[in-house]
1. Scanning for something more than 16 Å from the ligand (Cβ to nearest atom) and surrounded by fewer than 24 Cβ atoms within 10 Å (Cβ to Cβ), does region 343-363 turn up at least one residue?
2. Counting just the residues of region 219-270 that are assigned to a helix (DSSP H, G or I), of a type in the set (Gly, Ala, Ser) and buried (at least 21 other Cβ atoms within 10 Å of the Cβ), which one comes out farthest from the ligand (Cβ to nearest atom)?
3. Looking at region 130-165, which of its residues are over 21 Å from the mean Cα position of the chain (by Cα) and near the ligand (Cβ under 10 Å from one of its atoms)?
4. Does Leu52 satisfy the criteria of being surrounded by fewer than 22 Cβ atoms within 10 Å (Cβ to Cβ) and not basic (Lys, Arg)?
5. What number goes with the only condition from (1) farther than 23 Å from Met182 by Cβ; (2) within 16 Å of the ligand (Cβ to nearest atom) that Ala112 does not pass?
6. Quick one: what pairs do we get from region 125-148, first residue on the phi > 0 side of the Ramachandran plot and among the hydroxyl-bearing types (Ser, Thr, Tyr), second modelled with pLDDT of 95 or more and not in a helix (DSSP H, G or I), C-beta under 6 Å, 6+ apart or different chains?
7. Which residue, of Ala108, Ala62, Ala126, is open to solvent by less than 10 Å² (accessible area, probe 1.4 Å), of a type in the set (A, V, I, L, M) and under 21 Å from Phe365 (Cβ atoms)?
8. Could you tell me which of the residues Val183, Val202 is under 26 Å from the mean Cα position of the chain (by Cα) and crowded, with 18+ Cβ neighbours inside 10 Å?
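The values are calculated or read from the model by the stated rules, or taken from the named source; none is laboratory data. From a predicted model like this one, the values you see are computed outputs, not experimental measurements. Here the Cβ is made from the backbone with ideal geometry for all residues, glycine too, and neighbour counts use every protein chain on show. Ligands, DNA and RNA are excluded from the accessible area calculation, which covers all protein heavy atoms including side chains. Shrake-Rupley method; radii C 1.70, N 1.55, O 1.52, S 1.80 Å.
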Amino acid sequence: MKGYVVLISVVAALGGLLFGFDTAVISGTINFIQPYFGLSETGLGWTVSSLLFGCIGGVFLAGKVGDHYGRKKVLMMAALLFFVSSVGSATAHVLIFFLIARILGGLAVGVASILSPMYIAELAPAKYRGTLVSLNQLAIVIGILVAFFSNYLLVGTGENNWRWMLLVMAAPAILLFFSLFMVPESPRWLVARGRTDEALQVLIKTSGKESARLELAEIELTLTKHEDSTFRDLLAPKIRPLLNIGIILAVFQQITGINTIMYYAPKIFANVGQSNDSALMQTILIGGTNLIFTLVALVLIDRFGRKLLIQIGSLGMMLMLAGLSALFFTNHTSGVLVLIFILGYIAFFAASLGPALWVVAAELFPNRLRSKGMSVAIVSLWIACTIVTIVFPIMLEKLSGGITFLIFALICLANLLYVLKYVPETKGKTLEELEKQFASL
Ligand code: BGC
C-alpha cells in the first residue's frame, strides 16, 4: 500500500522535476541565445521572463481545467506542453518562435506547480501527506540541479550547445506523460464528478479496505453540492481567511529572498570580489545543500508539523541574512563567511518554507475549491517571484548589500510572526477533518 502511494507520488513529482529544470535551464543558455537572436539587455530580460508570464497563465488554466478534466489528464497535457516547448525552443530559428515555445513551457510549469502537489495531497494518507507532498519540492530541487549539470556538460558541444541544453527536457517530459498512464485519478476529484465506485477502488488501494469506506463517506459529505465552483466562491466569509493565508504564505516564500540566491548567486559572489572560476563549485554547493536539507524536511514535516518547521526555518533564515548583511556593512566580505551564511540560509529554507509552503497550500482549501484556491495562492507566488527577480539587482546596486540583506532578514522576521499568529497546523488530519476544522473557525 505504502509502496503504491510512493510510486504515485514519485510519478506526480516528475511534474516538479520539469518545473525545476525548465526554470533553471535558461541560465546556461543566456550567453549563447543573446548573440544568436541579437538581443539587447532589455530584450534578454523579456526573453528570460517570458516563461514566468506563461506560468501565470498556466496556474489559472490548472485551476479551471483541473476541475473539469481531472488532475491526471491535465498533468498529461502539461507533459505534452513541456515536450513541445523543449523541442520548439531547441529548434527555433527566429525569436518569436523561441518566445512562443518558452511561454508554452511556462504554461506547463504553471500547471505542474499546482497539480503535482495537489494531486499527491489528494491521494496521500493523512499520516504521510507532508512527506509525500514534499517529494514534489525534492523533485523541483533535483530538476534545478540536473539543469545546471547538463548545461555544464553540454556547454562544449559547439554552436548548437544551447539547443541541446533545451532539448534535454524532452526526455523527462516523455517519461512523465507515459508514467501517468500507470497512476489512478484523484479519489477526491472522482467523487466530485459522481464517480464514487472508481473513487472507492482507488481508496482501497491507497488507504486499505477498512479505512476506504470511511474516507469515502467523509469525502462525499464535503461534496454534497454538485454544482461547479467558481473563483468568486473563494470570497465567501468562511473561505476568505484561508485564501489570505495561502496568498500571504506564498508571497513570503518568495520575498524572503530564496531566488535572489538561486538565480543570482554568481552575481553576489562577483560583487564580493570572488572569481568566476568558482561558479560551478558554488552551484554545486548551493544545489547540494538545497537537496540535502530538503531531505531533512521530508523526515521532519509530518513529525514536527508544518508550522513549527516554518518558524524554525524563518528564524534561521533571518539570522543567516542578518549575518550576511553585517559582513557587507563591515566590509568583511572576502572570507569564507559569506559562503557559510548563504549556505546556511539555503539550508534553513530547504528544510522549512521551501516544501512546507507547497504542502500547506495543497491542504488549506476544501475539496470543492482546492484547485481554484490553490491557483490564486500560487499565482501570487509567481508574481512575487517575478518582482523579486527584477528588483533584486537594482537593490544590490542602489542600496548596497548591507541594506538589501537586512531588508530580507526583516521580511523573514515578519514571516515568523505571521505564521506564529495566523497559520493553522495541518499535520496528521485528513483533508476532510481539516475542512471541518476550518469551517468551524
Ligand atoms: C520555490 C522556488 C525556488 C525553489 C528552490 C521552491 O519551493 O517556489 O521559487 O526556486 O523552491 O529550491
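1. Within region 343-363, not a single residue is more than 16 Å from the ligand (Cβ to nearest atom) and surrounded by fewer than 24 Cβ atoms within 10 Å (Cβ to Cβ).
2. Among those residues, the one meeting the criterion is Gly246.
3. Of everything in region 130-165, nothing turns out to be over 21 Å from the mean Cα position of the chain (by Cα) and near the ligand (Cβ under 10 Å from one of its atoms).
4. yes
5. Failed condition: (1).
6. That search, which allows pairs on different chains as well, returns nothing.
7. Ala62
8. Checking each option against the conditions leaves just Val183.
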